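Novice: Handing you a structure now.
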């Protein structure tokens, strides 16, 4: 059962217990372009207490560099090397785990952020934001030339999704031997500032359905994201806490890595998802209404 | 175990036993725009023997009227009232089973054929081929006005699929109370003349994933398709045979309706799908290589 944090004493002991704080962003720090109250104060306090801060996001539309711009814009202190995104995890997975040979390429269903991370890791790609593939013109299989060097399809949130991209990706996955099927993340929905929209998991769903198989997923809750962090940052899992708003991504991710977990109720998860007869089987260690509650601690 | 048809005698006794012959089209009569050898001769022979012929297709991009044009173009005799498509089944399901009130509307993910069938059944719709929804421009939820009269989303094969259509459909399905989620069919792939492409099931897959729920399906193997036929045609199921190339649509459909089933190997199913240790659990009554084999019968 989760511990419900309420008193200043509860928050103070949490601060004593954990040195490294990993944060999901959307639904925890902000909603779309609107900052959640108290976030700047809480992160500032953690920094003053010399806590290590990491931002772990499944947003695959932005590279770490452009995600840093979002923090700047909202007035939240952050550094590029504190930011871990699912697009970055996908690129590092291909360069480090798969060790994709230099002559091989990736077909991208995704946006500029995913392309930037692939480029940074030295991975050649096609598709993505290429205007030739961002089209609603009819797709003709007889006019399509299969590139035999495409060894993987990587799929993230792509608001330019269309039948040409899906058809090309399907050809690579069915006709190029051992072509890998990788998804940055499996979030079913995406929390825009004005409400929920279909998420990255919905963008890979057509291929999942057509192929009858699931992709390798690099974002939360996948272990791949944690492997990425482990390769770059030293931290003690026993003194680390993952703060998030989604049970099946953030909390599961923390639990899979042996971290403590704190659920905030400012995002996708509501009280009724964690209490009563229909409560999720995923149980965080701690629950609090909002990150701002931690300000209750007197420094 | 299936009976493998080989001799002229086998085919002759099949002709004696069945008065009504239901045919799938793609993979049985043609591949894309290429007629399969012997089809005209076999259908001609069946007509001369006064067999009742029905064409039962999951193709939801064409209305029955425009599908008739495809028969004409390929030189195959067919009549509109012999053709049953999954778009027609979806329209009849809404008008006859759901009895959608006149003031209600349907949001369409699909092509002109689906719109034509809805129109014929007197069902108002939006989306579909509307240029405003056939766009890759960014979708803004704050600029979107939810139409409270949309009581169903109907999803068929749509090669103009995009994030605006998916986002609007998602809004209706999550924000309009009891909005129905209907798919014309769940075919994972679509057999174009030049090879397989993602099918209608792949087009509804993003919504299926985002909602975490399956649509009501009106095409084969669904009972809804058979209910449509039953409402219009008199036939004796015991003397009716369904001929198709897909085990999980055509053969399952026939079996669900208590019909005999004949699998042809000119389409998606190969010998290895029906024999050996990995054979499908769906077992047709009869198997033959091609519809043309039936010409072995001397009239």
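Novice: Given the conditions (1) touching a helix residue (DSSP H, G or I) at 6+ places or on another chain (Cβ under 8 Å); (2) farther than 24 Å from residue B:215 by Cβ, report the number of the one that residue B:10 does not fulfil.
Specialist: Unmet condition: (1).
Novice: Looking only at the stretch B:203-219, which residues are more than 7 Å from every other protein chain (Cβ to nearest Cβ) and not in a helix (DSSP H, G or I)?
Specialist: B:213, B:214, B:215, B:216, B:217, B:218, B:219, listed by residue number.
Novice: Given B:262, B:291, which one is touching a helix residue (DSSP H, G or I) at 6+ places or on another chain (Cβ under 8 Å), modelled with pLDDT under 95 and crowded, with 21+ Cβ neighbours inside 10 Å?
Specialist: Of the residues listed, the single one that is touching a helix residue (DSSP H, G or I) at 6+ places or on another chain (Cβ under 8 Å), modelled with pLDDT under 95 and crowded, with 21+ Cβ neighbours inside 10 Å is B:291.
Novice: Looking only at residues that are more than 10 Å from chain A (Cβ to nearest Cβ) and buried (at least 19 other Cβ atoms within 10 Å of the Cβ) in the stretch B:141-164, which one is nearest to residue A:140 (Cα to Cα)?
Specialist: B:156
Novice: Right, something else. What number of residues in the stretch A:129-140 are within 11 Å of chain B (Cβ to nearest Cβ) and under 21 Å from residue B:165 (Cα atoms)?
Specialist: Residues in the stretch A:129-140 being within 11 Å of chain B (Cβ to nearest Cβ) and under 21 Å from residue B:165 (Cα atoms): 8 in total.
Novice: In addition: Pick out, from the stretch B:156-202, the strands (runs of 3 or more DSSP E) lying fully within it that include 1 or more residues that are over 16 Å from residue B:217 (Cβ atoms).
Specialist: Once the strands (runs of 3 or more DSSP E) in the stretch B:156-202 are filtered for at least 1 residues that are over 16 Å from residue B:217 (Cβ atoms), what remains is B:189-192, B:195-198.
Novice: Here is a list of conditions, (1) out of contact with any strand residue (DSSP E or B) (no Cβ under 6 Å at 6 or more places or on another chain); (2) surrounded by fewer than 20 Cβ atoms within 10 Å (Cβ to Cβ), and residue A:285 meets all of them except one; can you say which number that is?
Specialist: (1)
Novice: If you don't mind, another one. Looking at (1) surrounded by fewer than 23 Cβ atoms within 10 Å (Cβ to Cβ); (2) more than 18 Å from the chain's Cα centre (by Cα); (3) within 14 Å of chain B (Cβ to nearest Cβ), can you tell me which one residue A:169 breaks?
Specialist: Condition not satisfied by residue A:169: (1).
Novice: Hey, another quick one. For residue B:31, work out the one condition from (1) buried (at least 19 other Cβ atoms within 10 Å of the Cβ); (2) within 23 Å of residue B:196 (Cβ to Cβ) it doesn't fulfil.
Specialist: Against the list (1) buried (at least 19 other Cβ atoms within 10 Å of the Cβ); (2) within 23 Å of residue B:196 (Cβ to Cβ), residue B:31 comes up short only on (1).
Novice: Being touching a strand residue (DSSP E or B) at 6+ places or on another chain (Cβ under 8 Å), assigned by TED's automatic domain parsing to the domain that holds residue A:22 and under 20 Å from residue A:26 (Cα atoms) narrows it down to one residue among A:270, A:290; which is it?
Specialist: Just one listed residue meets the conditions, A:290.
Novice: Now for a different question. Residues of the stretch A:183-194 being more than 10 Å from chain B (Cβ to nearest Cβ) and buried (at least 21 other Cβ atoms within 10 Å of the Cβ), which ones?
Specialist: Listed by number, the residues that qualify are A:183, A:184, A:185.
Novice: Here's a follow-up. Might you let me know whether the stretch A:8-20 holds any residue that is surrounded by 14 or more Cβ atoms within 10 Å (Cβ to Cβ), in the same structural domain as residue A:246 (by TED's automatic domain parsing) and closer than 22 Å to residue A:222 by Cα?
Specialist: Checked the stretch A:8-20: at least one residue is surrounded by 14 or more Cβ atoms within 10 Å (Cβ to Cβ), in the same structural domain as residue A:246 (by TED's automatic domain parsing) and closer than 22 Å to residue A:222 by Cα.
The values are calculated or read from the model by the stated rules, or taken from the named source; none is laboratory data. Bear in mind that the values here come from a model prediction, so they are computed numbers and not experimental data. We place every Cβ from the backbone using ideal geometry, glycine too, and count neighbours over all the protein chains shown.
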